[in-house]
């Protein structure tokens, strides 16, 4: 009588196939954000031109531009391109409501975020720049 453990041990190709399938699965899950055609950036491009702020409409079930968007929160977007120079962001806050800014790369990675608690005199004034642009600004 053969034990189940022996049946698997007698078939090393089965173990290799399972390990290979695991690697393929992990690689495809990790690659999906970079390979997806209809990502958040592509969906938000319909909001308006680059380097301009655009208020987003309230999310409707099944028609959200951004996943998991809270309908109780006013949201906006500004798609930016740093190839022509740094982006200067200025905003005066006119109420005591909570305000949050977050900056994302083309593939969704958050590289900077701040809230109204980090402001002085209830105003945002900041630059978004590449390392080379920042070095030129500091010179």
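The values are calculated or read from the model by the stated rules, or taken from the named source; none is laboratory data. Treat the numbers as computed from the prediction; the structure is a model and nothing was measured. Counting neighbours? That spans all protein chains shown, and the Cβs are built from the backbone with ideal geometry, glycine included.
A compact table of results
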{"item": "Any chance residue 65 is more than 23 Å from residue 127 (Cα to Cα), in the same structural domain as residue 134 (by TED's automatic domain parsing) and surrounded by 12 or more Cβ atoms within 10 Å (Cβ to Cβ)", "result": "yes"}
{"item": "Unmet requirement for residue 83, which otherwise passes all of (1) exposed (fewer than 11 other Cβ atoms within 10 Å of the Cβ); (2) under 30 Å from residue 133 (Cα atoms); (3) touching a helix residue (DSSP H, G or I) at 6+ places or on another chain (Cβ under 8 Å)", "result": "(3)"}
{"item": "Residue among 77, 99 that alone is surrounded by 11 or more Cβ atoms within 10 Å (Cβ to Cβ), more than 29 Å from residue 31 (Cα to Cα), touching a helix residue (DSSP H, G or I) at 6+ places or on another chain (Cβ under 6 Å) and without any contact (Cβ under 8 Å) to a residue 40 or more places away in the chain", "result": "99"}
{"item": "Unmet criterion (only one of (1) surrounded by 10 or more Cβ atoms within 10 Å (Cβ to Cβ); (2) more than 19 Å from the chain's Cα centre (by Cα); (3) farther than 30 Å from residue 114 by Cα) for residue 92", "result": "(3)"}
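One line per residue, one yes/no per condition, for (1) assigned to a strand (DSSP E or B); (2) modelled with pLDDT of 90 or more:
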position	(1), (2)
94	no, no
97	no, no
113	yes, yes
126	yes, yes
133	no, yes
